Protein chains: 2
Amino acid sequence: MAESVERLQQRVEELERELAQERSRRALGSGDGGGGRARIENMSSEVVDSNPYSRLMALKRMGIVSDYEKIRTFTVAIVGVGGVGSVTAEMLTRCGIGKLLLFDYDKVELANMNRLFFQPHQAGLSKVQAAEHTLRNINPDVLFEVHNYNITTVENFEHFMNRISNGGLEEGKPVDLVLSCVDNFEARMTINTACNELGQTWMESGVSENAVSGHIQLIIPGESACFACAPPLVVAANIDEKTLKREGVCAASLPTTMGVVAGILVQNVLNLLCFSRFLLNFGTVSFYLGYNAMQDFFPTMSMKPNPQCDDRNCRKQQEEYKKKVAALPKQEVIQEEGEIIHEDNEWGIELVSEISEEELKNSSGPIPDLPEGIMVAYTVPQKQEDSVPEVTVEDSGESLEDLMAKMKNM
Amino acid sequence: MAESVERLQQRVEELERELAQERSRRALGSGDGGGGRARIENMSSEVVDSNPYSRLMALKRMGIVSDYEKIRTFTVAIVGVGGVGSVTAEMLTRCGIGKLLLFDYDKVELANMNRLFFQPHQAGLSKVQAAEHTLRNINPDVLFEVHNYNITTVENFEHFMNRISNGGLEEGKPVDLVLSCVDNFEARMTINTACNELGQTWMESGVSENAVSGHIQLIIPGESACFACAPPLVVAANIDEKTLKREGVCAASLPTTMGVVAGILVQNVLNLLCFSRFLLNFGTVSFYLGYNAMQDFFPTMSMKPNPQCDDRNCRKQQEEYKKKVAALPKQEVIQEEGEIIHEDNEWGIELVSEISEEELKNSSGPIPDLPEGIMVAYTVPQKQEDSVPEVTVEDSGESLEDLMAKMKNM
């Protein structure tokens, strides 16, 4: 009898432990571990229901990429795990990226439920913790490194720089790409400062505070305009949500716009990583791509760096890029139309506008009703170039200082 | 002592029951019930972390919509809950749509994990069951009705027609919109047949089998081209996945393209529902919007119905539309450019191309390297119209039969 009681007590303890585990699993994130899948050593093309990579490896058979498995060798850092960043992280995770670094210092709130990814039961958890849990469950083959801090403080900035420089798949190697998915001006400028100093290629993304427009932008220090060279075409929500909330107002957001921006961002990440490093066949990369959800309008353009940029590291990178170009054997190709394509940059990307200003105007009328929060950076293009006008900062009638001041006041 | 044993036995039973419940919750879907949120009677604009609608209601303050709450009065039916349909359903759920009807007969597989939404622990569950569970947890204010069947069989088609006609928020009323998110030609034709017969407005969506292009298309029976009038510009994966799998091959897919297509689809749903019925301010609606992920190219156009359409209900709807237009007081507005805008249609939408063919060509070169699976429907536009060419089926050099045959063979 005594033995029976002891056995029952042991069973109660065992069950209580299991129950606590189940509950913490469920509280931490959406169904984890037990229900997930085992890790997979090598990506296979086998067409069976149990192969999570069959539809991606089929890109090879379709002639889209020659070596999809290479995606496992890349590391991407995502700063900001909100409406755009979380979906960006999920897409890269499902694509089977090698490693993801996530940076955010916010908590999941029910107020975030109007965008994809987070779920109500995660309210109260830190965004990076909740995201890691969900993503690890979706694809245990991806490595995750999460940092629950604000990159804009001095101390954290040092650590952030260090992880960008050393957090690659192989410790000590830099990450391949930094993605900015933040919601405020200060954080964007911080990423810009870090990437200019490190010569780190990154992509900017943003959604306007009225929720109906967004953009992505590729920044290669020294080669294309940095965030301090010129404000982006579509100025994203420049108001820190925390400041806003104190005043009882908040920016609007929609899962549609944020999903579209995340989708075109990750697609350009795939295009960039696969296209540039391994000369695969994954399409071109946009330097700037906007999205106007009210009119299904998607302007593209490119911007040269500003020789008078406030950021001295940007100016330094510009000098180094010039030297690099000058040192290379002449490879410039004169195209039929007379455009010059710079084949000598590391990424093999053409730095020309894909669409002329005239076409921009014609394609949806005279760009008349831009919603609040959109600024056209090339407002005063005095000299009408004949074919493909490259947009430079100097073309703008407004001074950079004016533009920056406007942005800060918005 | 006996009492103690009994008490312990009861405790063991109790714990076993709780553990089973926890496990079934976790097995059924990502963290449900307990961790979710309570239902909310009225949408509030209050800016607090606990309000899941604050960021949506902020659209009113931003001047984007005047009456966001109206979204709760709408019912949308989604056919196909795969890579596009599941994300579409999630976006509408997070936006707080009134009711969703989901139709699919497939099961979740690990092979689906390269797209958003489903998670590995849901493998083996029916897609509609798994989706309902996840979506209900995300937003318990939405009503769900799911049907785990193939709409193309005779018996199910009857039931499908019945639910489109009667499955509105108020039983007996039709749904407001049908969204096609299927992956094969037969299912698209079935939806087309049903919607032509019922005069039901619907939207088509698709992603090419090489994963790098997609499209959405708005079809208002009698007013714009139906799916049988003309094949869509970008022909979506016309091969049934089941057929393919038997041969050991499968279509490629990416979370990016599918996420973008779902995003522009739902954005156009919001534009359509808010814009048309309540004269809100939610932007225009695209009749056709394509997405080429390799080149960030987004062509838009519109298509008139084909007077010789094979579907007799389409021809009937065209006649009725003509009568309706003729019976209305003359409201046609001659614009500056000489275009005619039909203000007399129920949806208040202009049926004109947003971008000229010339612009299409210029905007990304001569549309040269369209990936396999894309067909340009306006291949032979012999007569060059001066300003805004409306694309009609008659413009095409190929006969409809030829095009259809091609599509079936792809």
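For region B:192-207, backbone phi angles converted through the Karplus equation (6.51, -1.76, 1.60; θ = phi - 60°) give residue-by-residue couplings of 4, 4, 4, 6, 5, 5, 8, x, 9, 5, 8, 10, 9, 8, x, 10 Hz, Gly and Pro being listed as x.
Placing a label point 7 Å from Cα along the Cα-to-Cβ axis, A:Glu320 is separated from the same position in the other copies by 6.8 nm, shortest listed first. Each other copy holds its own label point for A:Glu145; taking that point as 7 Å from Cα along Cα to Cβ, the gaps run 5.2 nm, nearest first. Amide H contacts for A:Phe297 (H built 1.01 Å from N in the peptide plane; partners 5 or more residues away or on another chain; cut-off under 5 Å): A:Asn292. Of the cross-linked pairs B:Lys107/B:Lys316; A:Lys173/A:Lys316; A:Lys127/A:Lys304; B:Lys60/B:Lys304, which ones have a Cα-Cα span greater than 31 Å in the structure shown? Those over the limit are B:Lys107/B:Lys316; A:Lys127/A:Lys304; B:Lys60/B:Lys304. Only protein heavy atoms count here; under a 1.4 Å probe, A:Ser165 has an accessible surface of about 40 Å².
For the pair A:Tyr149 and A:Lys316, what calculated FRET efficiency results from E = 1/(1 + (r/R0)^6), where r is the Cβ-Cβ distance and R0 = 30 Å, to the nearest 0.05? According to the calculation, E is roughly 0.60. Heavy-atom accessible area, probed at 1.4 angstrom with all protein chains present, ranks B:Asp296, A:Asp310, B:Asp106 as A:Asp310, B:Asp106, B:Asp296, highest first. Across the identical copies, the 7 Å label point of B:Asn156, projected outward along Cα→Cβ, sits 5.0 nm from its counterparts, in ascending order.
How much length is gained on full extension from B:Asn156 to B:Leu169, taking 0.36 nm per residue of separation minus their Cα-Cα distance? Here the segment from B:Asn156 to B:Leu169 would lengthen by 2.5 nm.
The values are calculated or read from the model by the stated rules, or taken from the named source; none is laboratory data. Quick caveat, the model's predicted, so the values are computed rather than measured. As a convention, Cβ positions derive from the backbone with ideal geometry for all residues, glycine included, and neighbour counts pool all protein chains shown. Remember, those area values only see protein heavy atoms, side chains included, never the ligands or the DNA or RNA. Shrake-Rupley method; radii C 1.70, N 1.55, O 1.52, S 1.80 Å.
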